[in-house]
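Notes follow once the structure below has been shown.
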Amino acid sequence: MSMPLSTVSISSSLVFGTYRNVLHLLQELRHRSTAEAHRKADLFVSGFAGGVAQVLVMSPADIVKVRLQCQSELPGSRLRYRGPLHCLLSIARDEGLLGLYKGSAALALRDGPSFATYFLTYNMICDALRSTDSSRPGWTVVLLAGGVSGMCGWAVGTPMDVIKARLQVSGVSGRFYRGFFHCLSHSVRSEGIAVLFRGLTVNCIRAFPVNMSVFAVYELVVRFLRSPS
């Protein structure tokens, strides 16, 4: 977990920073005031852009995490990687720098729609439950909206997460996939459509408290930075 932990702040900054800046740009292009409500299409596009942007940082960290988690299941008893740094260097040496981005297309197809759904759901719930005399949602609404948006995001993203993980261990797991579409078609043909939703329950159980915390801290920081002091 050291690799994703060391990059999570950067990837989160990319997601939320890209989301906010694209949203602000779209408001300006439409000549709309920042005080006006955001269009749902703008929220979706901004979230999509944020999800794709983080692939630059997430892909190398994610492939290292997946390889280390799966190597105990690989053929043979000897572990191939001694740790995250050794895994990172080994992939770069044996598969080239592009090897660190194996499965990045599936990662982008996972995180683009997932974060688009994530931010759109969060804003829709906040708008629906916000009291009429307040411009900001209450903390109960923030926690609920954050948790539900995380679950909705993973409901959209889990199929691509399955394909991404399979592409990342392709070649070292005894299975070889020629690319994204081959992995997708082979997985569905051999294991059925349900394979694309493997792990969805666990992802949703994890997503609610995690994203409840994420949006609570996000709103807390934004409100602090916007305070008159």
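A compact table of results
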item	result
Number of the exception - Ala207 against (1) under 25 Å from Tyr19 (Cβ atoms); (2) in contact with a Pro (Cβ under 9 Å, 6 or more places away or on another chain)	(2)
Condition met for Leu68 (in the same structural domain as Thr132 (by the TED database), within 19 Å of Val169 (Cα to Cα) and not aromatic (Phe, Trp, Tyr))	no
Matching entry among Gly47, Gly83 (being within 14 Å of the chain's Cα centre (by Cα) and either among the aromatic types (Phe, Trp, Tyr) or over 20 Å from Gly103 (Cβ atoms) (or both))	Gly47
Unique match (being open to solvent by less than 40 Å² (accessible area, probe 1.4 Å), out of contact with any His (no Cβ under 9 Å at 6 or more places or on another chain) and of a type in the set (Gly, Ala, Ser)) among Ser131, Ser114	Ser114
Positions within the range 26-39 being of a type in the set (A, V, I, L, M) and surrounded by 14 or more Cβ atoms within 10 Å (Cβ to Cβ), in sequence order	Leu26
Out of Ser46, Ser11, Ser33, sole residue that is of a type outside the set (Lys, Arg), modelled with pLDDT under 80 and outside the structural domain of Met160 (by the TED database)	Ser33
Top-ranked residue of the range 49-88 - restricted to ones that are part of a helix (DSSP H, G or I), exposed (fewer than 13 other Cβ atoms within 10 Å of the Cβ) and not acidic (Asp, Glu), ranked as modelled with the lowest pLDDT	Ser72
Any pair with Cβ under 8 angstrom, 6 or more apart, that starts in the range 1-24 at a residue that is farther than 14 Å from Val52 by Cβ and ends at one that is of a type in the set (Val, Ile, Thr)	Met3/Val64; Thr7/Val57; Ile10/Val57; Ser12/Val214; His24/Thr34
Every pair of residues 6+ apart whose Cβ atoms lie under 8 Å, when the first sits in the range 97-109 and is part of a loop (DSSP other than H, G, I, E, B) while the second is β-branched (Val, Ile, Thr)	Lys102/Ile63; Gly103/Ile63; Gly103/Ile163
Qualifying residue in the range 116-138 (condition: in a helix (DSSP H, G or I), touching a residue at least 60 places away in the same chain (Cβ under 8 Å) and among the acidic types (Asp, Glu))	yes
The range 187-229 - residue that is open to solvent by 70 Å² or more (accessible area, probe 1.4 Å) and assigned to a loop (DSSP other than H, G, I, E, B) and, of those, modelled with the lowest pLDDT	Ser229
Given (1) part of a helix (DSSP H, G or I); (2) more than 29 Å from Ser13 (Cα to Cα), index of the condition Ala145 fails	(2)
Among the candidates Leu184, Leu167, residue that is modelled with pLDDT under 90, part of a helix (DSSP H, G or I) and either open to solvent by 40 Å² or more (accessible area, probe 1.4 Å) or not aromatic (Phe, Trp, Tyr) (or both)	Leu167
Any hit, the range 36-53, residues being within 17 Å of Asp127 (Cβ to Cβ) and among the polar types (S, T, N, Q)	yes
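The values are calculated or read from the model by the stated rules, or taken from the named source; none is laboratory data. Note that this is a predicted model, so its numbers are computed, not measured. With ideal geometry, Cβ positions are generated from the backbone for all residues, glycine too; neighbour counts draw on all protein chains shown. Surface accessibility is based on the protein's heavy atoms, side chains included, excluding ligands, DNA and RNA. Shrake-Rupley method; radii C 1.70, N 1.55, O 1.52, S 1.80 Å.
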